[in-house]
Amino acid sequence: MASITIVGGGTAGWMTAVLLNQAYNKFGNTVSIQLVESPDVDIVGVGEATVPAIKDFLQAVGIDEAEFIKSTNATIKNGILFKNWCAPTEEGEVHQYMHPFDQERVEKRLDVATSWLLSSRNKSYDDSVSIAKALSDKNLTPKVQQSKSFQSIVPYSYHLDARLFGQFLRKHAIARGVTRVEAHVNNVVAKEGKIVSLSTDKGEITSDLFIDCTGFRALLLSKLEEQENWHSYSDVLLCDKAVTIQTENDTSYAPNPYTISHALSAGWSWKIDLQNRSGNGYVYSSRHISPEQAELEFRKHLGLDEQTKFNHIDMHVGRRRQQWIGNCVAVGLSSGFIEPLESTGLHLIYLAARQFVLHNNFSKTQQSTRDNYNKTMNDTYDELKDFIVLHYVLSDRTDSEFWRDIPKTLDGCELLKSRLSVWKHKVCEYFDVSNSTSHMFSDVSYRYILYGMNYFPELDIPFVEGEFDDVFAYIENRQQQACHHTLSHKEYLNATVHGQSGFVSVSMK
Ligand SMILES: Cc1cc2nc3c(=O)[nH]c(=O)nc-3n(C[C@H](O)[C@H](O)[C@H](O)COP(=O)(O)OP(=O)(O)OC[C@H]3O[C@@H](n4cnc5c(N)ncnc54)[C@H](O)[C@@H]3O)c2cc1C
């Protein structure tokens, strides 16, 4: 029987274990899978907002949605609300826009974004074209009374407790045959470009394949790196540290069904509401402020007293050029990291684990196959990096050294630069971003950022005033219908966590 050893019991390790076990052992044991986790090294303990593809993962591995929500204190996420990413108006109004997961496709003469650009624009782009934005404004979910597991009227994802998610996956994996080994890896023995064995405090471990999920340390893969394997993004993504804290919410608090990303003086902060508490973090550039200054600014932002203890995290921003070398693949933080502005960490884990299964032929795996895997992952990271840079470079903020340094970062992103010059004269559409291999974010997402950050193209298309009013009246009607029929966040969570079956206890508006 072939054997795979995963080292690391964070979200990456357990997500990978569950997915590989489902892929190889669903119809009987064909591959022996073990996960080694150290009792001495803690997990990073963050990673609590997700993108809709997490639902594909949960369904692929046979996890029940209600069970998952109960076990991880999860809440619904309709998108991300960005605040303060541009300078306030002259009247002092804070700039804000949303990146929801849906967009209405009403194509009258031209696509919906062009219609909006040529219309009177009396509502913002997100308010004009998204159902999820309208739901979020009213603290609603995209679920109706009849929604089955994972079903909804528009796409959604979750906020979840990272530690509880790890424990939940661990239980799921062990129940299905994954072996857990509690041991600390002291040494990695490699020979001729392959890992031969691991020395641990519980003895030696050998395996056909090794998955490195040891976090930023990349304990296993780094043993096989013969040349410089780190591709840094630090010239274009300035944030390299985070300060985090969890805050309790009382039972009367209604959790937001969206993440809040609030730009601060040297980066941005997140607020992620779970059923019982909020996760908060400030991702900042240590080239611009010290950890003490970041903590002080964040404390003030959250209105917390001086006794509050914060957690500080170093972030290695970039990716490994080769994430699969010999018989070892890095998954999770060991493979690379891009700041969590669009909550993509867990998605990258899912993508890597799935790609690994698609590429892996065990001992028969060719170098060209590994090269293809590495290219897929590299392209995905690079595309994502550009998408994150886009959020910053459209800002008109000049109120701190950090924001004044931001425009220079575009010089390191040639593709994004050329796309932006195109989007100055035409609407951003599917074909403009479809040539990328990753497709993590499509034109739908790019448009929310571009138009939310006031980056509008100059169009030269003849139109008559009011020509598109009926498009937006139609969408507004759909928004109202959706708001009328969907469950509030509290209703949905109460029914899912406490309800006996379905939504019997839920009263419709
Ligand atoms: C500030 C911040 C915010 C983030 N926010 C988000 C977000 O909102 N959404 C999202 O999707 N992602 C987010 N991420 C990314 C996400 O947290 C990670 O992708 C995810 O937690 C996976 O981490 P990991 O399992 O790779 O590493 P870790 O959690 O660090 O786990 C490493 C594991 O390796 C084990 N280990 C280490 N050394 C040894 C050894 N010698 N022997 C045996 N075992 C060992 C440890 O015990 C541990 O179990 C964020 C990351 C950061 C830094």
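Being in contact with a strand residue (DSSP E or B) (Cβ under 6 Å, 6 or more places away or on another chain) and open to solvent by 10 Å² or more (accessible area, probe 1.4 Å) is the filter; apply it to the range 231-240 and report the residue that is nearest to H301 (Cα to Cα).
Only one residue tops the list, namely S232.
Filter the range 1-15 for residues that are of a type in the set (A, V, I, L, M, F, W, C) and assigned to a helix (DSSP H, G or I) and give the result.
Hits for the range 1-15 are A12, W14, M15.
Which condition does L160 not pass, out of (1) over 30 Å from L450 (Cα atoms); (2) within 16 Å of the ligand (Cβ to nearest atom); (3) of a type in the set (A, V, I, L, M), if it passes all the others?
(1)
Examine the range 121-130 for a residue that is among the charged types (D, E, K, R) and out of contact with any helix residue (DSSP H, G or I) (no Cβ under 7 Å at 6 or more places or on another chain), and state whether such a residue exists.
Yes, there is a match, as at least one residue in the range 121-130 is among the charged types (D, E, K, R) and out of contact with any helix residue (DSSP H, G or I) (no Cβ under 7 Å at 6 or more places or on another chain).
Within the range 141-212, which strands (runs of 3 or more DSSP E) (wholly inside it) include 2 or more residues that are surrounded by fewer than 18 Cβ atoms within 10 Å (Cβ to Cβ) and at pLDDT 95 or above?
Counting at least 2 such residues, we get 179-182, 185-191, 194-200, 203-206.
May I ask you to list the residues in the range 33-67 that are open to solvent by less than 40 Å² (accessible area, probe 1.4 Å), under 20 Å from the mean Cα position of the chain (by Cα), more than 15 Å from the ligand (Cβ to nearest atom) and more than 15 Å from A17 (Cβ to Cβ)?
E65
Taking interchain pairs and intrachain pairs at least six residues apart, which have beta carbon atoms under 8 angstrom, with the first residue in the range 20-46 and on the phi > 0 side of the Ramachandran plot and in contact (Cβ under 8 Å) with a residue 12 or more places away in the chain and the second outside any strand (DSSP E or B) and near the ligand (Cβ under 9 Å from one of its atoms)?
Hits for this filter: G45/A162.
Yes or no: K271 more than 10 Å from the ligand (Cβ to nearest atom), open to solvent by 20 Å² or more (accessible area, probe 1.4 Å) and out of contact with any His (no Cβ under 8 Å at 6 or more places or on another chain)?
When the stated conditions are applied, K271 does not pass them.
Condition (residue is of a type outside the set (G, A, S), surrounded by fewer than 16 Cβ atoms within 10 Å (Cβ to Cβ) and closer than 30 Å to N454 by Cβ) applied to the range 370-393: is it met by at least one residue?
yes
The values are calculated or read from the model by the stated rules, or taken from the named source; none is laboratory data. Predicted model, so just to flag it, every value in this text is computed and none were measured. Virtual Cβ from ideal backbone geometry, glycine too; neighbours counted across all protein chains shown. The accessibility values were calculated without ligands, DNA or RNA, using every heavy atom of the protein model including side chains. Shrake-Rupley method; radii C 1.70, N 1.55, O 1.52, S 1.80 Å.
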